[in-house]
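Here's the structure we're looking at; comments come further down.
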Amino acid sequence: MPVYPPPNKKMSTIFPIVLERVEVGATIYTNEHKSYCKLNNLVYVHDSVCHRREYVNQQTGVSTRGVDSFNNELNPDLKKKGCCYNKRQEFLNEFMWPFNNSENRIV
């Protein structure tokens, strides 16, 4: 699973990243940040959950638990080691290596 840190959360930044890296027709689950609200206008299936009200959308079953779980593992490591912005992609690649190569683990 590739991870790319956007420089900001603006719609003008997010849209080109999504268009470049997400397969046409894919389903995208997000929170209700305003930058994601127009994903339905693109060629994706988009559903969201409003964290102010709930953590699972009761009508659709959509949740962002997978992303939240990933962030819960990433953030302590990021805080402990620290990372300057221009090294963020390198840090994420290193962090993701065990997830992307779990079949190659020596136990």
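What follows is calculated from the coordinates using simple rules that are stated; it is not laboratory data. Values in this document were obtained by computation on a predicted structure and should not be read as measured data. Glycine also receives a Cβ, built like all others from the backbone with ideal geometry; neighbour counts cover every protein chain displayed.
β-branched (V, I, T), surrounded by 15 or more Cβ atoms within 10 Å (Cβ to Cβ), out of contact with any helix residue (DSSP H, G or I) (no Cβ under 6 Å at 6 or more places or on another chain) and more than 20 Å from N100 (Cα to Cα): does that describe V45?
Against the criterion (β-branched (V, I, T), surrounded by 15 or more Cβ atoms within 10 Å (Cβ to Cβ), out of contact with any helix residue (DSSP H, G or I) (no Cβ under 6 Å at 6 or more places or on another chain) and more than 20 Å from N100 (Cα to Cα)), V45 does not qualify.
So that you can scan it fast, the table gives a plain yes or no per residue for (1) touching a Leu at 6+ places or on another chain (Cβ under 7 Å); (2) closer than 22 Å to T13 by Cβ; (3) part of a loop (DSSP other than H, G, I, E, B):
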{"site": "V43", "(1), (2), (3)": "no, yes, yes"}
{"site": "E54", "(1), (2), (3)": "no, no, yes"}
{"site": "F70", "(1), (2), (3)": "no, yes, no"}
{"site": "R88", "(1), (2), (3)": "no, yes, no"}
{"site": "L92", "(1), (2), (3)": "no, yes, no"}
{"site": "P98", "(1), (2), (3)": "no, no, no"}
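Can you run down the residue pairs with Cβ atoms below 9 Å, 6 or more apart or on separate chains, where the first is in region 19-38 and acidic (D, E) and the partner is loosely packed, with under 12 Cβ neighbours inside 10 Å?
E32/C50; E32/R52
Out of all the residues in region 48-88, which are of a type in the set (G, A, S) and touching a helix residue (DSSP H, G or I) at 6+ places or on another chain (Cβ under 8 Å)?
S48
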